[in-house]
Amino acid sequence: MRYQISGKQIDVGEALQTHVKAEMGEVVEKYAQRPTECVVVFSRMAHEFVCEAVIHLSTGLTAQARGHASEIYAAFESCREKMDKQLRRYKRRIRNHHNNRSGPVEFDGAASYILAATEDAEDAEPDSLQPVVIAEMETKIPSITVGEAVMQMELAGQKMLVFRNEGHGGVNVVYRRDDGNIGWIDPRNSK
């Protein structure tokens, strides 16, 4: 597994890097098969240290966790415990995810845009109804089943996920509703 351990305006020493590699390697070995990459980023927010970890698995799934504490090692331990809990919760599904499919998860490219926020001025009429694009990026859309999409959304801690439905090839969306349930949008079934 390839590790990328860095700090935002923090010097991450050799001892911390060794500790992170050993602990994350142990967590991933226990629950996931063939992890490919682990990205750990340390930063500081006011008086606390923040540790964010993202693990990319060979099955196409991505798990991420975030922890914070007043000590840098404690922040990492908090993050590691959250990652451990996520992977433990989905262990059976993660292990079976790769066995059920004939090939690896395929990704399609798509454009992703960030739009400027609108100003909330009273009685102000906008100059144009067209939003201002402030960033353009490339994003990847996985071709997976609905169950795999829900699992990916949960593992990544996202509020929504756009994916190509492996059953019929159409673009679908799963999202977390305000009531805690999962919503699924399938435009093909709208007729």
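General observations
- Hits in region 1-23 (condition: part of a strand (DSSP E or B) and either buried (at least 16 other Cβ atoms within 10 Å of the Cβ) or not polar (S, T, N, Q) (or both)): Arg2, Tyr3, Ile5, Gly7
- Scope region 24-78; condition on the phi > 0 side of the Ramachandran plot and over 12 Å from the mean Cα position of the chain (by Cα); matching residues: Arg34, Ala46
- For first residues located in region 128-155 and assigned to a helix (DSSP H, G or I), partners that are among the basic types (Lys, Arg) and lie 6+ apart or on another chain with Cβ distances below 7 Å form the pairs Met151/Arg93.
Listed here are the residues, each with its yes/no results for (1) farther than 22 Å from Ala149 by Cβ; (2) of a type outside the set (Val, Ile, Thr); (3) in the same structural domain as Met153 (by TED's automatic domain parsing).
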| residue | (1), (2), (3) |
| --- | --- |
| Thr18 | yes, no, no |
| Val40 | yes, no, no |
| Ala46 | yes, yes, no |
| Gln64 | no, yes, no |
| Cys79 | yes, yes, no |
| Lys85 | no, yes, no |
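- Selection from region 7-22 of residues that are under 18 Å from Glu48 (Cα atoms) and in contact (Cβ under 8 Å) with a residue 12 or more places away in the chain: Gly7, Lys8, Gln9, Ile10, Val12, Leu16
- Considering only residues in region 165-191 that are surrounded by 10 or more Cβ atoms within 10 Å (Cβ to Cβ) and assigned to a helix (DSSP H, G or I), the one that is modelled with the lowest pLDDT turns out to be Asn189.
- Single residue of region 24-65 satisfying the filter (in a helix (DSSP H, G or I) and crowded, with 18+ Cβ neighbours inside 10 Å) that is modelled with the lowest pLDDT: Tyr31
The values are calculated or read from the model by the stated rules, or taken from the named source; none is laboratory data. Just so we're clear, the structure is a prediction, and the values are computed from it rather than from any experiment. Positions of Cβ are generated from backbone atoms using ideal geometry, with glycine treated the same way; all protein chains shown enter the neighbour counts.
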